[in-house]
1. Between B and A, buried accessible area summed over both sides at probe 1.4 Å, in Å² to the nearest 100?
2. For A:T428 and B:E137, what is the calculated FRET efficiency with R₀ set at 35 Å and r taken between the beta-carbons, to the nearest 0.05?
3. Roughly what % of Cα-Cα distances in region A:282-420 sit above 28 Å, to the whole percent?
4. Quickly estimate the mean residue ellipticity at 222 nm for chain A, helices only: each DSSP H run with n ≥ 4 gives -39500 (n - 2.57), and the total goes over all residues, rounded to 500.
5. Need one word for region B:218-284: rounded, prolate or oblate. Basis is the Cα gyration tensor (sqrt eigenvalues a ≥ b ≥ c); a/c below 1.5 gives rounded, then a/b vs b/c decides.
6. Which value in nm describes the separation of the simple spin-label points at B:N52 and B:R471, placed 7 Å from the Cα toward the beta carbon?
7. State to the nearest 20 debye the size of the charge dipole of chain B about its Cα centre, where the only charges are +1 on K and R beta carbons and -1 on D and E beta carbons.
8. Suppose accessible area is computed on protein heavy atoms with a 1.4 Å probe; arrange B:E296, B:E282 from highest to lowest.
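The values are calculated or read from the model by the stated rules, or taken from the named source; none is laboratory data. Treat the numbers as computed from the prediction; the structure is a model and nothing was measured. Quick reminder, even Gly has a Cβ in these numbers, built from the backbone with ideal geometry, and neighbours come from all protein chains shown. Ligands, DNA and RNA are excluded from the accessible area calculation, which covers all protein heavy atoms including side chains. Shrake-Rupley method; radii C 1.70, N 1.55, O 1.52, S 1.80 Å.
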Protein chains: 2
Amino acid sequence: MKQKAFVVLWALSVGLISGCQQLDNNSPQNATTPTIEANATINRQLAKQALNSTLAYDIVESLTVEVGPRLAGTEQDLIAVDWAVKKLTHLGFDKVYKEPVQVPVWLRGYASASITAPYPQPLVITALGGSVATPKEGITAPIIRFDDLQSLIEANAADVKGKIVFIDHKTERHRTAKGYVMTVGGRSKGAVEAAKKGAVAVVIRSIGTDHDRMAHTGMMRYQNDVVKIPAAAMSNPDADLINAMLKRQQPITLSLNLSSQNRGVATSYNVIAEVTGSTKPEEVVLISAHLDSWDEGTGAIDDGAGVAIVAAAGKLIQDLPQKPARTIRVVLYAAEELGLVGGKAYAKAHAQEMAKHYIATESDFGAGRIYQLDVKVNPEVVDKVLQEHALLSEVGVAPGNNNAYGGPDVSMLPKLGVPVASLRQDGTDYFDYHHTPNDTLDKIDPEALAQNVAVYAQFAYTMAQSTIDLRPLVQPKANQ
Amino acid sequence: MKQKAFVVLWALSVGLISGCQQLDNNSPQNATTPTIEANATINRQLAKQALNSTLAYDIVESLTVEVGPRLAGTEQDLIAVDWAVKKLTHLGFDKVYKEPVQVPVWLRGYASASITAPYPQPLVITALGGSVATPKEGITAPIIRFDDLQSLIEANAADVKGKIVFIDHKTERHRTAKGYVMTVGGRSKGAVEAAKKGAVAVVIRSIGTDHDRMAHTGMMRYQNDVVKIPAAAMSNPDADLINAMLKRQQPITLSLNLSSQNRGVATSYNVIAEVTGSTKPEEVVLISAHLDSWDEGTGAIDDGAGVAIVAAAGKLIQDLPQKPARTIRVVLYAAEELGLVGGKAYAKAHAQEMAKHYIATESDFGAGRIYQLDVKVNPEVVDKVLQEHALLSEVGVAPGNNNAYGGPDVSMLPKLGVPVASLRQDGTDYFDYHHTPNDTLDKIDPEALAQNVAVYAQFAYTMAQSTIDLRPLVQPKANQ
């Protein structure tokens with residue numbers, strides 16, 4: 001309790017000083033009672049500035065060119081942290097700081113696989129994040145194919161024992177992550193379910209919508225009481241190849257060799273920048289992204305785009321002559337890819353502050369245009385909140401529903417009482433590139449990126465000025 | 001001369017016997033005077049059968065699945081030769097045989113590269129075919145960038161000496177190979193021109209129109225009097241990355257490591273199948289493709305598609321109740337990728353027979369639809385020849401010009417007096433996949449492939465029946 005009181009007092013004092021400076025220097029207007037018209041004017045101005053600016057593109061170019069791949073827990077990850085601190089400082093935020101996060105260290109090593117019978121051919125594969133290595137000489141075994149994770153779960157252990165499980169679940173293309181959600185269980189839980197039945201390894205059809213001969217990596221998990229078997233993904237064309245072989249002749253024997261290693265933990269950082277609120281500086285509107293990336297691309301769409309969007313949106317608000325009431329906190333999370341590690345660490349480190357988090361959101365779905373605003377707030381105020389964002393329709397965003405997820409690193413906040421929002425991006429192409437070497441700068445459309453900045457800036461400003469009480473998220477049940 | 005007479009007699013005897021069998025078994029009609037109407041009926045029937053058949057797709061699936069990558073001079077190449085002999089035999093051609101070809105042996109080994117300064121990042125590269133290795137510890141040197149091969153040729157040696165030359169020539173997208181033709185000189189001649197000025201290695205922007213993080217391989221050449229330096233290609237996104245770095249900070253230092261090896265020669269084979277002509281069996285209509293492929297994809301569009309198209313077209317004619325007058329010779333060349341080796345060997349082995357080659361063509365541009373028929377024949381009969389193929393308009397093919405190239409492996413035939421044709425395919429997407437791991441079966445549209453078979457079958461049948469004299473290719477100059 002002492003600590004909480006201290007934190008609040010600290011935030012208040014810093015915030016008030018900052019707010020006063022703004023009032024003295026820039027605006028004679030009373031910042032506590034902005035009119036609806038004034039907010040609308042500022043909103044339109046933010047959108048216009050965002051749409052005419054290349055700032056976000058410049059930021060993601062800088063990150064992908066000057067840092068590039070930045071797997072959490074590696075040296076490149078710390079280079080990214082330094083880059084972020086310098087970039088946010090250079091942008092002139094009121095505050096820039098970093099908070100340590102303990103992250104797992106996983107090293108990819110090499111990965112190779114080939115069909116050894118009936119038709120010897122090399123395969124294009126990648127180790128799944130967290131996978132153990134094979135023995136040095138590799139694993140050679142017949143494969144057994146399953147349509148999906150559920151079919152594996154329902155299989156007889158006798159059929160699986162000693163084999164390499166092949167989960168062949170195709171990811172459907174949708175504007176949302178619906179296709180990914182249907183197949184990703186095979187990636188995260190395949191090794192555990194296969195090992196339970198005595199399999200010696202698991203290989204999955206990549207969780208991706210493309211036809212490129214690139215495998216999609218991504219995190220997998222083990223369970224303490226189940227033997228750890230190696231896990232890898234193959235490209236979609238390779239999975240097609242195996243199916244064509246299965247039509248011809250069985251069994252198919254596969255040889256797999258991974259040298260990946262789990263190497264304990266390392267320190268990384270959540271990097272945070274703030275535009276201090278003018279009148280309610282202790283209250284936080286949190287806009288976020290994750291700084292880490294997978295190691296095979298340059299982390300442009302996942303999540304350099306998000307980093308650029310929230311940094312550029314924050315910068316636009318930072319540069320306003322009159323800051324909004326609440327603090328805008330830009331959080332660049334550590335190690336999202338390795339299990340929302342930075343998000344969880346933030347929630348823990350800021351547990352005492354949760355009541356002061358007005359609303360939170362994360363941009364982590366590429367750089368496609370935002371088409372809808374969803375929220376998760378007190379059901380009684382949903383319409384009012386969405387109405388408050390009516391100007392977003394001018395940049396192509398429709399009002400959505402009250403089922404927002406918020407984004408991976410803020411997904412744990414609603415159960416701590418924090419309202420969240422999802423600024424929903426068009427992800428039709430996202431899973432073509434996600435977690436592959438193809439996640440590079442050229443996959444970002446600068447105009448779509450600028451639209452994202454416009455929406456984030458308007459959303460953050462509107463929320464930082466709002467007088468609506470967004471809580472509680474769930475209505476107490478009526479007595480019966 | 002003796003040999004020639006023997007070959008002609010042999011071809012005649014076999015052809016006549018075959019023709020007689022046909023007459024006895026299948027057709028009371030006089031095969032030497034087919035009517036225009038009868039030809040048109042058979043042409044339309046061939047097209048209909050082709051468009052309703054999956055034979056070509058089945059063939060290219062078989063080749064890519066049961067053989068896969070088949071770099072000339074490797075064990076896989078011989079597996080491909082066996083596959084081809086068996087497949088063509090199974091299809092029931094009148095004759096199937098193979099002719100030995102000495103091919104260079106080049107082994108890819110591993111290839112890696114990275115920027116070491118100012119912003120360390122790994123690059124996605126591939127060794128160019130024929131390249132020597134780097135020293136075991138690799139080569140690390142500053143890069144010097146050139147817009148194209150010509151700029152390198154015009155550069156001062158003092159600026160190039162000791163550096164890694166980076167040729168950054170973007171390949172334009174066209175329906176034809178126009179973009180490729182403009183840039184491929186950097187790939188084939190870059191190492192020689194760079195070495196002449198003292199460069200230690202050459203890396204090029206991939207000769208490809210895609211934005212995938214895949215490098216395009218392909219053949220390069222050395223010159224005996226110029227030092228051999230290693231040569232590699234990087235993906236388009238990697239070339240973009242280097243350009244973005246060059247905007248920021250110079251010099252850029254690159255580290256390159258290749259273990260490729262030139263290992264002498266090996267025996268491969270041109271694989272040949274024939275539909276014996278009914279009345280002029282010694283005269284040959286040659287339709288061809290190349291059997292070898294690069295080693296990183298499965299050789300689906302380059303040139304499994306061509307193999308499937310000409311084999312399926314030949315099979316349709318083989319199955320006609322009445323064979324056409326001339327022999328249809330289906331040639332699957334060896335080692336096209338390593339320098340038209342099979343094509344040159346064929347021209348040499350069949351030198352005495354060139355006068356009996358009525359016309360030749362090769363399918364080696366993927367599986368896009370054919371939109372135009374070009375020929376290279378006696379200029380006085382061009383219109384007549386194109387008119388004879390008027391029915392091709394019913395499957396989307398327009399009459400073209402008299403500047404046909406014919407295809408890589410038949411490109412040396414016109415100077416030996418042999419007429420050629422180009423059945424021009426839509427190659428808009430071809431250089432997205434060509435010579436990359438992405439050259440896989442899924443890149444082939446079965447319907448477009450079937451249209452190719454229809455066109456090849458009609459073309460071959462019409463030419464095998466034609467009474468037009470296509471020679472000489474160039475008119476003798478009039479006396480002045």
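1. 2300 Å²
2. Efficiency at R0 = 35 Å is approximately 0.15.
3. Numbers: 1495 of 9591 pairs.
That tail contains 16 percent of the Cα-Cα pairs.
4. Helices in chain A give a 222 nm mean residue ellipticity of -11000 deg cm²/dmol.
5. prolate
6. Placing both labels 7 Å along Cα→Cβ, they lie 4.0 nm apart.
7. Computed charge dipole of chain B: roughly 1240 debye.
8. These residues rank, largest area first, as B:E296, B:E282.
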